[in-house]
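See structure below.
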């Protein structure tokens, strides 16, 4: 029988797709302040960079590939390639569709929430307004994604 393990493999990063330096730094610092959170964090500053990162994974170029992310934290409102297009690129490819994607957006619009789930998002979380709320939200995020549910193992 195969064992199902909760939490990420320790060398697999969380990929944060976020164009705002302030939002990225706040998110990174909040995650790193959670004692139980020990995954590396990688950043893509826009949608095109996120898709390029995943394309390198799919190509299998060992010299330029960082480890496959255990989870993607995806902003929607990205310059250039919108987050919804990044979500489509991830979920429409058999080599990456197993990677859980959490849309983490300032939007609270019904249309964005529905479109994200229709596009294959595993969850949609609105960014909180204060640093304390951000830490609380990310603590819940960490508890659910890394302690409660089982994340997929590497497929390749």
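The values are calculated or read from the model by the stated rules, or taken from the named source; none is laboratory data. Since the model is a prediction, treat every value here as computed from it, not as a measurement. Neighbour counts are summed over all protein chains in view; Cβ atoms, including those assigned to glycine, are modelled from backbone coordinates with ideal geometry.
Got a sec? Which of 35, 48, 30 is assigned to a helix (DSSP H, G or I), on the phi < 0 side of the Ramachandran plot, free of Cβ contacts under 8 Å to residues at least 60 places away in the same chain and over 14 Å from the mean Cα position of the chain (by Cα)?
48 is the lone residue from the list that is assigned to a helix (DSSP H, G or I), on the phi < 0 side of the Ramachandran plot, free of Cβ contacts under 8 Å to residues at least 60 places away in the same chain and over 14 Å from the mean Cα position of the chain (by Cα).
Taking the criterion of being on the phi > 0 side of the Ramachandran plot and surrounded by 12 or more Cβ atoms within 10 Å (Cβ to Cβ), would at least one residue in the range 133-147 satisfy it?
No: the range 133-147 contains no residue that is on the phi > 0 side of the Ramachandran plot and surrounded by 12 or more Cβ atoms within 10 Å (Cβ to Cβ).
Looking only at the range 1-27, count how many residues are surrounded by fewer than 16 Cβ atoms within 10 Å (Cβ to Cβ), under 22 Å from residue 136 (Cβ atoms) and either at pLDDT 95 or above or out of contact with any helix residue (DSSP H, G or I) (no Cβ under 8 Å at 6 or more places or on another chain) (or both).
Final tally of qualifying residues: 3.
So is residue 43 touching a strand residue (DSSP E or B) at 6+ places or on another chain (Cβ under 8 Å) and in contact (Cβ under 8 Å) with a residue 24 or more places away in the chain or not?
Against the criterion (touching a strand residue (DSSP E or B) at 6+ places or on another chain (Cβ under 8 Å) and in contact (Cβ under 8 Å) with a residue 24 or more places away in the chain), residue 43 qualifies.
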